[in-house]
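Structure first, then comments.
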Amino acid sequence: EGCIVTIDAMGTQTKIARTIRDRGAHYVLCVKDNHRNLHDSIIFANLDPRGPLTPASTHESTSTGHGRIEVRRCRVYDAVDRLHNAAAWNDVASFAVVERIRTVGDHTSTERVCYISSLPADAER
């Protein structure tokens, strides 16, 4: 009760989300290919006929060390009506896309990870 439970993609299950909420906690669940339609609805939310989305909250941070620079950008949206089968996820309130851009020497890589959450949109949190 009162906790925020974070789980990787393997634990992103509707029953787990329901149990977390039933016990008075919040969830942040990673969404990958294990939920293809949900993942695609996050990735393509801006292509919806209703028009592009504006994030409800954004946050960016940069860290350096060990010969690398990493920029992390988080964009959180409260437009859960664009999520595939949103009603199946107990109390889903937001979704997020976290982008990590890592530069080591001359090589730069980008990774994007998607999440759904029962928390309101707050990218810094």
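For semi-axes √(5λ) of the Cα gyration tensor in Å, several values are listed as [x] 34, 29, 14; [y] 26, 18, 14; [z] 37, 17, 9; flag the one computed from this structure.
Entry [y].
How high is the relative contact order of the chain? Use alpha-carbon pairs under 8 Å, at least six apart in sequence, and give a whole percent.
Here the relative contact order equals 26 percent.
What do you get for chymotrypsin sites (Phe, Trp or Tyr not before Pro) in the range 9-97 restricted to DSSP loop and a cutoff of at most 16 other Cβ within 10 Å of the site's Cβ?
Of the chymotrypsin sites (Phe, Trp or Tyr not before Pro), the ones in loops of the range 9-97 whose Cβ has at most 16 other Cβ atoms within 10 Å are 44.
Suppose we keep just the DSSP beta bridges with both residues in the range 4-117; what percent of those would be antiparallel, to 5?
Approximately 90 percent, going by the DSSP bridge assignments.
Given a 1.4 angstrom probe, what's the average accessible area per residue across the range 4-117, in square angstrom?
Ligands and nucleic acids excluded, the figure is 59 Å² per residue.
What GluC sites (Glu not before Pro) does the range 1-80 have in DSSP loop regions with at most 13 other beta carbons within 10 Å?
Within the range 1-80, the qualifying GluC sites (Glu not before Pro) (loop, at most 13 other Cβ atoms within 10 Å) are 1.
Mind listing which trypsin sites (Lys or Arg not before Pro) in the range 1-41 are in a DSSP loop and have 13 or fewer other Cβ atoms within 10 Å?
Here the trypsin sites (Lys or Arg not before Pro) that fit, given the DSSP loop and packing criteria, are 23.
Leaving out ligands, DNA and RNA, what percent of the accessible area of the chain is carbon and sulfur, probe 1.4 Å?
Answer for the chain is 48 percent, counting heavy atoms of protein chains only.
Once you have the Cα-Cα distance between residue 16 and residue 47, take 0.36 nm times their residue separation minus that, and quote the gain in nm to one decimal.
8.2 nm
The values are calculated or read from the model by the stated rules, or taken from the named source; none is laboratory data. Every value quoted in this text rests on a predicted model; they were computed, and no experiment measured them. We place every Cβ from the backbone using ideal geometry, glycine too, and count neighbours over all the protein chains shown. Accessible surface is based on the protein model in full, side chains and every heavy atom, while ligands, DNA and RNA are left aside. Shrake-Rupley method; radii C 1.70, N 1.55, O 1.52, S 1.80 Å.
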